[in-house]
């Protein structure tokens, strides 16, 4: 029977077209014209550079630094409010996230796609032996990106309810080699590593990157890619989260020393109205062709957006409370009185290019490094440097400086007048003023970095989520339980991991 | 064959006779009783003699005889013969009726072959032109609806020229295509579905609407594997063979056809009035922020703990344009900011609210019209038909419409007695004026429902008024401002040549091309939300799909010893499909007048791409027939495809079938009651890979991952060398039954189709860097019963007599994912794919009741806290009376994601069609009822229009919402933010989608020849038609025939702001010259 079948098949073809079976296979051979066949891999330094650009392109995704990852950190906290129609956004704004929330699924998958791209660059770059090719520099950049991805994963999904860097901290699945095919076991499910294991990998990557990145402190559009200065800054951010204050001071100081220039942008608004300002260390850049939806999501429909998010009323109140003349207020909260045709009420001046969608995103900037150093120093009890750093930020914001110490007696001329300042006077409850200085740093940090994607992580690492977001303080949130400090691992991930990826507690 | 020879003999004899004598001339015209068309080639014979004639192209005849008296016998194949006594008359006008027994006698079976229905071993349904001619439908897929058992046709929406899903014997694929293969005049179409590059929401366009249904002669649906497996890897979903009308020898006949009518919405959405909406908005805050012990309204953290002046202020803060400030009394109040609507004054005095009926703004009565002119005729050697038509269907929603200009030329030529050729060319240009729709904040019907009635149409300065608290577009702006036009221009042409190589052996070669170009042009002016920020935004896209096709076939047929008939067919086939596109987008227009990209200053995107696939296949089919009693058929096909994994590019598709015509057995032959009895059985294998991307099995690195305006690369797809076809094993057992000379016929089929190696994106944990890859996993089963009845209730005794025919078809289909191989997953809004369930299952929470007392809630919370700690709640910390209590399905004391179950199925249990055709004298009446029974619809529209949690416009049904004084209701309370999540996916929005619809009612009158011949007409029929006349359903939405995700395999049967179908009344005339 088999033989007959074969004969019939052959016969049918030979009759009509004179083709044999081998020719049949050939007749249906078509090569892709829009893509590269992956079996070829990266062959040249140009390919590796294209792969690195692909890694940055991953960051631009609307599911990642192109919008959602950043926006949710403020919307889940108290800087932005949800005013649009997406139920998935509403869940996040109200801290009632379900494991099947598609926004989380997309963020998670996008970050891991970025990790895979970085892993692939690391692997492929390692195979290129071209004398003109700075292999270590390419690998350094990819490893820094990988570390950054893992930091971002831990931000929402890792750690423990009281913060990051505690012994019981949970991590995420750790993959350090690329998935390129379905046959070598790379697609087999793996379990979550502990937070400590992921942290170790992050430190190793950042150490390598800081040591080998050939770009020290670029200017202009060079800031669109990672450099030694921004890698050190990321490290400082990481150590602060882990409450390793000495290390945080160390890396913040190194970052400030490496950055050139390292003076803050004189005007707060310029950081956002210009691209690659003096302040930026690493700015994710967009253009009209490769745009983002920040302004589109912020702007009301009548102004060309979709009005999905707005400024939380509490943010305006916080500015008023922080003192008159805070120059950041007009940037952070566009109020009716300060609205213009460019800057729309209830939005922020940080994202306003609704037509072209090319608002830059500050992935790390000098102001943050200064605040990291201020906070870490305050934690270590070095209040003098802490206030010095904090006052760099406050001075730029046109606010009175903070002084820890007794209020000096009024002087009488001709003695020079006591410069006006806000005094933190040590008292019995707070003998050194350290606690109040930390509180002040936290308040200034909120305003300084509002709607740049830091707030949720700041609340988590300082274990203040409940204090700030419980419903009696914040009507926009239905936050009730501490387990919600860790977001649910996407249900899809749990389902597709053969039981290895465990859901965070409580969900 | 034999009959033809006999007829030929008769004709020759008659001609011989004519020469002998001449005394008396009898003349007249023979017409088709139903259509009134002249019938050419009818044999008119003086009974008992050999004197006679054959009618000409107009059906006219003349006989000369010297005989007096006698009877004239009119006979024609496929028609009931008639006798007329010759009195003193010399003029005989006769109408012949179709012979039921011979109806559907010849069935097209693919690759140029046809078979007598009696000898068919497979399951093939036929739909004739008469059943859908002149109905106001855009495409051939719509023509199939309700006409054939086992063929389920759903119009996904009422969008003119939009997608229609056709499922033959159920759904067999999860990720592949479930649409049948369409073959027009021997050319398999690769271009079906939507070719648009522009997403306007969920509804796409439909390339099948490129074919004018009135050019179609018949449609054959190959349903079982025996019939479809010759199409091998494209056969699983069934095959629809379309045969266009061809010319017949004779004097050229000219037919003019015209109809025109009006369409209207069947059911209008009814919204709250502006005042009711305003009150409802306030109600949301009263319920969310009840006054505290001091009688104050506080809304943390807005303004801290300061009291608010009133709920009107709170509502105006959230939903109006106003800014809150602290007044001298130390209260928070909201000011007016120059708005003429939705300000504090409106909330203080709801009766002052504007009241806009948005439905009135976007709905209209739309005309539909159709014009056609056709010429048909030719000599004995060359026949042709040429036609041209124009169909114009504006939509009932402002801004939408579809029109098509089409032309067709079919030519047949007999080069010699052994060689003939045929050419068929269809040309068309379709224009779709599209609107944003469905799940789209710029959609027209979407916004007409979602924008509340307290927003006026325009501001005092004439600009469009927009909801200050929502991102929704102004509905009228959405309907009338954007330009979204698609133009499809298409040539479908094929040519065949047939040689009789030796006696009984024929060779046929068919070459075809289907060349489709599709151009999208959109422009969003600054008057729209989307165009405002970018100073106007335009897209231009050009797509091209070229399908090159060839098949070669050898046909052999021979009868041995007058008992054994053997026929065989060997076919080889090659298809190459090349798709390419260019795309550009620009912003920054100088104004809204020049809408082409030439005016856009900032070209924000441009790309081009090209992709190709190929299919090579061949088959051998053998039939054996013993005395017309026992028929055996077998076929084997082998296919090669470029889209699959490199190791699995070829596959075999065998089939075998048999039939036993019991009525041909001696014990039944000549039986006066049982005129036909046939038992059929078939088994076969078919494949499916359509719907798969061209390089689905290949590992890919993709460009386009750019940064800093330099091209970047990234891994985008994992290779699967084993990616193969889905394979379906099908069994069919059928019975054909005819009684009383086939006045009653019955066709029944039992079938089962098991699909294995389902094409599925095998999901991977996202931490691999990929979400999945294309693989073959899982199995699916469809099994069912198809029943078809045709009864001639009253048979006309003479021409023009009363006749009544009934046609009923019913299908029961059961679909089940027998093995999924991956974790269950969600699709659409409420759809759920899970092993053991049918595709189209809905999953969600189950509503138990509405909480009436706080004690009830507290008791449940207390219980939950015993198990899960002090912060636990049964549902939510803010659950209050008036909220919905969901059933705790797993009984753990609280509602979590686990408390969901399968709550419905979008697939009907039964569906069918019921057609009655009556005729009397010149009148004809056709009533067609279409039925769907036992399916659920997830009405997601209500999750918004009855949500009462935000600013969206609400349906008038929420007037019956729960309040402390209106407790006997199933609609929960209004509450800002919906903290209890009353709107979650649940049985609340799941509805019975069963319906019976009087789809078409047609009344026609054919004018008598005696009248029209005076104005040189050969035929004239006038008719009126009503479509979607009446619908019986419990469904609360606008239309039960709905699927918001156009053509989706997984998430069909959901209604979300979907364009409903229209009711249309048309009148028309068909004139023959």
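The values are calculated or read from the model by the stated rules, or taken from the named source; none is laboratory data. All of these numbers come straight from a predicted model, not from anything done at the bench. Counting neighbours? That spans all protein chains shown, and the Cβs are built from the backbone with ideal geometry, glycine included.
Please go through the stretch A:136-164 and pick out each residue that is buried (at least 19 other Cβ atoms within 10 Å of the Cβ) and in a loop (DSSP other than H, G, I, E, B). Spell out how you get there, then give the answer.
Step one: filter the stretch A:136-164 for residues buried (at least 19 other Cβ atoms within 10 Å of the Cβ), giving A:138-161, A:163-164.
Selection gives A:158, A:161, A:164.
So, in the stretch B:791-813, of the ones that are part of a strand (DSSP E or B) and free of Cβ contacts under 8 Å to residues at least 60 places away in the same chain, which residue ends up farthest from the other protein chains (Cβ to nearest Cβ)?
We begin by selecting, within the stretch B:791-813, every residue part of a strand (DSSP E or B); these are B:791-794, B:803-813.
Next, only the ones that are free of Cβ contacts under 8 Å to residues at least 60 places away in the same chain stay: B:791, B:793-794.
Numbers: B:791: 43, B:793: 48, B:794: 51 Å.
Restricting to residues being part of a strand (DSSP E or B) and free of Cβ contacts under 8 Å to residues at least 60 places away in the same chain, the top hit is B:794.
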Checklist entry - Does at least one position in the stretch A:324-346 carry a residue that is under 19 Å from the mean Cα position of the chain (by Cα) and away from chain B (no Cβ under 14 Å)? => result yes
Checklist entry - How many residues are in a loop (DSSP other than H, G, I, E, B), in contact with a helix residue (DSSP H, G or I) (Cβ under 6 Å, 6 or more places away or on another chain) and farther than 19 Å from residue B:275 by Cβ when one looks only at the stretch B:443-472? => result 3
Checklist entry - Any chance the stretch A:365-385 includes a residue that's surrounded by 14 or more Cβ atoms within 10 Å (Cβ to Cβ), within 14 Å of chain B (Cβ to nearest Cβ) and under 30 Å from residue A:288 (Cβ atoms)? => result no
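Matching residues to (1) closer than 24 Å to residue A:156 by Cβ; (2) surrounded by 22 or more Cβ atoms within 10 Å (Cβ to Cβ):
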| residue | (1), (2) |
| --- | --- |
| A:421 | no, no |
| A:428 | no, no |
| A:432 | no, no |
| A:446 | yes, yes |
| A:463 | yes, no |
| A:467 | yes, no |
| A:485 | yes, yes |
Next on the checklist: So residue B:752 ticks every box in (1) surrounded by 21 or more Cβ atoms within 10 Å (Cβ to Cβ); (2) modelled with pLDDT of 95 or more; (3) away from chain A (no Cβ under 14 Å) but one. Which box is left unticked?
Outcome noted: (1)
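Conditions tested, residue by residue: (1) away from every other protein chain (no Cβ under 14 Å); (2) crowded, with 24+ Cβ neighbours inside 10 Å; (3) within 35 Å of the chain's Cα centre (by Cα); (4) not in a loop (DSSP other than H, G, I, E, B).
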| position | (1), (2), (3), (4) |
| --- | --- |
| B:608 | no, no, yes, yes |
| B:614 | no, no, yes, yes |
| B:617 | no, yes, yes, yes |
| B:640 | no, yes, yes, yes |
| B:644 | no, yes, yes, no |
| B:652 | no, no, yes, yes |
Checklist entry - Could you list, in sequence order, the residues of the stretch B:317-339 that are away from chain A (no Cβ under 14 Å) and surrounded by 15 or more Cβ atoms within 10 Å (Cβ to Cβ)? => result B:331, B:333
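Could you list all residues from the stretch B:866-877 that are within 13 Å of chain A (Cβ to nearest Cβ), surrounded by fewer than 18 Cβ atoms within 10 Å (Cβ to Cβ) and either in contact (Cβ under 8 Å) with a residue 40 or more places away in the chain or over 17 Å from residue A:482 (Cα atoms) (or both)? Let's see the steps before the verdict.
Just the residues of the stretch B:866-877 that are within 13 Å of chain A (Cβ to nearest Cβ), to begin with: B:868-873, B:875-877.
Going one step further and asking which of them are surrounded by fewer than 18 Cβ atoms within 10 Å (Cβ to Cβ), we end up with B:868-871, B:877.
Of everything in the stretch B:866-877, just one residue is within 13 Å of chain A (Cβ to nearest Cβ), surrounded by fewer than 18 Cβ atoms within 10 Å (Cβ to Cβ) and either in contact (Cβ under 8 Å) with a residue 40 or more places away in the chain or over 17 Å from residue A:482 (Cα atoms) (or both), namely B:877.
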Checklist outcome for this item: Note on residue B:486: of the conditions (1) within 14 Å of chain A (Cβ to nearest Cβ); (2) crowded, with 16+ Cβ neighbours inside 10 Å, unmet is (1)
Next on the checklist: So residue A:506 ticks every box in (1) under 30 Å from residue A:174 (Cβ atoms); (2) within 14 Å of another protein chain (Cβ to nearest Cβ); (3) in contact with a helix residue (DSSP H, G or I) (Cβ under 7 Å, 6 or more places away or on another chain); (4) touching a residue at least 60 places away in the same chain (Cβ under 8 Å) but one. Which box is left unticked?
Outcome noted: (4)
Item to check | Test set (1) closer than 28 Å to residue B:904 by Cβ; (2) outside any loop (DSSP other than H, G, I, E, B); (3) at pLDDT below 95 - residue B:950 fails condition number | outcome: (2)
Next on the checklist: I'd like to check which strands (runs of 3 or more DSSP E) are fully inside the stretch B:39-115 and have at least 2 residues that are buried (at least 21 other Cβ atoms within 10 Å of the Cβ).
Outcome noted: B:43-46, B:52-54, B:60-65, B:71-75, B:91-96, B:106-110
Checklist outcome for this item: The one condition residue B:261 fails out of (1) at pLDDT 95 or above; (2) assigned to a helix (DSSP H, G or I) is (2)
Checklist outcome for this item: Of the candidates A:291, A:322, A:267, the one satisfying the condition of being in contact (Cβ under 8 Å) with a residue 24 or more places away in the chain and in contact with a strand residue (DSSP E or B) (Cβ under 8 Å, 6 or more places away or on another chain) is A:291
Checklist entry - When the residues of the stretch B:552-589 are filtered to those that are without any contact (Cβ under 8 Å) to a residue 40 or more places away in the chain and not in a strand (DSSP E or B), which remaining residue is nearest to residue B:527 (Cα to Cα)? => result B:562
Checklist entry - In the stretch A:270-288, what count of residues is obtained for those that are in a helix (DSSP H, G or I) and touching a strand residue (DSSP E or B) at 6+ places or on another chain (Cβ under 7 Å)? => result 1
Checklist entry - Taking the condition within 30 Å of residue B:1027 (Cα to Cα) and surrounded by 22 or more Cβ atoms within 10 Å (Cβ to Cβ), does residue B:173 pass? => result no
Checklist outcome for this item: The residue that is surrounded by the most Cβ atoms within 10 Å (Cβ to Cβ), considering only those in the stretch A:192-221 that are assigned to a loop (DSSP other than H, G, I, E, B) and more than 10 Å from chain B (Cβ to nearest Cβ), is A:213
Checklist entry - residue B:682 passes all but one of (1) buried (at least 20 other Cβ atoms within 10 Å of the Cβ); (2) within 13 Å of chain A (Cβ to nearest Cβ); (3) in a strand (DSSP E or B); which number fails? => result (2)
Checklist outcome for this item: Given the conditions (1) touching a helix residue (DSSP H, G or I) at 6+ places or on another chain (Cβ under 6 Å); (2) at pLDDT below 95; (3) on the phi < 0 side of the Ramachandran plot, every one holds for residue A:96 apart from (1)
Checklist entry - Across the stretch A:428-459, what is the number of residues that are more than 17 Å from residue A:381 (Cβ to Cβ) and in contact with a strand residue (DSSP E or B) (Cβ under 7 Å, 6 or more places away or on another chain)? => result 2
Checklist outcome for this item: All conditions in (1) under 30 Å from residue B:613 (Cα atoms); (2) more than 33 Å from the chain's Cα centre (by Cα) are true of residue B:585 except (2)
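Table: residues versus (1) modelled with pLDDT of 95 or more; (2) out of contact with any strand residue (DSSP E or B) (no Cβ under 7 Å at 6 or more places or on another chain); (3) more than 12 Å from every other protein chain (Cβ to nearest Cβ).
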| residue | (1), (2), (3) |
| --- | --- |
| A:110 | yes, yes, no |
| A:114 | yes, yes, no |
| A:117 | yes, no, no |
| A:122 | yes, yes, yes |
| A:126 | no, yes, yes |
| A:140 | yes, yes, yes |
| A:146 | yes, yes, no |
| A:151 | yes, yes, yes |
| A:155 | yes, yes, yes |
Checklist entry - If you go through the stretch A:21-43, how many residues are more than 22 Å from residue A:113 (Cα to Cα) and either more than 7 Å from every other protein chain (Cβ to nearest Cβ) or within 33 Å of the chain's Cα centre (by Cα) (or both)? => result 5
